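Report on the structure given below.
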Amino acid sequence: MKATTLQPDSAFTRLLAQVQAGDEDAARQVCERYGPHIIRAVRRRLHARLRSKFDSTDFSQDVWASFFTKVVEKCDLDNPEDLIRLLTAMARNKVLLALRARTRRQKRDIQREVSLEDKPGGGSKLAAVQQTPSQIAMGEEAWHQLLAKQPPVTRRILLLLRRGYSHERIAAELGISLRTVQRLLRTLST
């Protein structure tokens, strides 16, 4: 089978000449016409784990930025197929660079990533039970009201308990018996 060589496409050549001259409308036409080829090339090469990190349009924009700033002035393309080959090769290279960056450096290695749902215990233990600011404020108010109603010894016991002191340490600190501390706490809880 004989390979066919494509003849130069004059409309395409004019369009590229307009792009090289800085015509924004021509550049928009090129993007609209040939952009889907870039997206397809990116999606074909984009590793499944990188899809959560990058969007196909990120790569597409990167290809267009490189094309319009570095390549368009130097390229001598005769037909649309040459441009498609060039753009898809650029897209493939951009994806490969991103893949290398994410797999060769330990810090960002996608091979080391593990979904929290896949870990033992799953995602059920992820949500922390925290009070809302209003609940905290209401709790503080109730605490101060409780303290205000207590005699000085009981107030001191409660303050030490809140600081994390054990019953034994509170008794030693205040010079009272352990039973007294426990009895006061029992009466408060009823």
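Which numbered condition in (1) acidic (Asp, Glu); (2) under 26 Å from the mean Cα position of the chain (by Cα); (3) at pLDDT 85 or above is the only one that Asp55 fails?
(3)
Can we say Ile39 is within 16 Å of Leu16 (Cβ to Cβ), at pLDDT 70 or above and part of a helix (DSSP H, G or I)? Spell out the reasoning first.
Numbers: within 16 Å of Leu16 (Cβ to Cβ): no; at pLDDT 70 or above: yes; part of a helix (DSSP H, G or I): yes.
Here the answer is no, as Ile39 does not meet what is asked.
Restricting to region 15-27, name every residue that is in a helix (DSSP H, G or I) and either touching a residue at least 12 places away in the same chain (Cβ under 8 Å) or exposed (fewer than 11 other Cβ atoms within 10 Å of the Cβ) (or both).
Listed by number, the residues that qualify are Leu15, Leu16, Val19, Gln20, Glu24, Asp25, Ala27.
Can you report the number of residues in region 67-84 which are exposed (fewer than 12 other Cβ atoms within 10 Å of the Cβ) and closer than 13 Å to Ile38 by Cβ?
0
Would it be correct to say that Val30 is aliphatic (A, V, I, L, M), part of a helix (DSSP H, G or I) and within 34 Å of the chain's Cα centre (by Cα)?
Spelling it out, Val30 is indeed aliphatic (A, V, I, L, M), part of a helix (DSSP H, G or I) and within 34 Å of the chain's Cα centre (by Cα).
The values are calculated or read from the model by the stated rules, or taken from the named source; none is laboratory data. If you're wondering where the values come from, they're calculated on a predicted model, not measured in any experiment. Neighbour counts run over all protein chains shown; Cβ positions are idealised from the backbone, glycine included.
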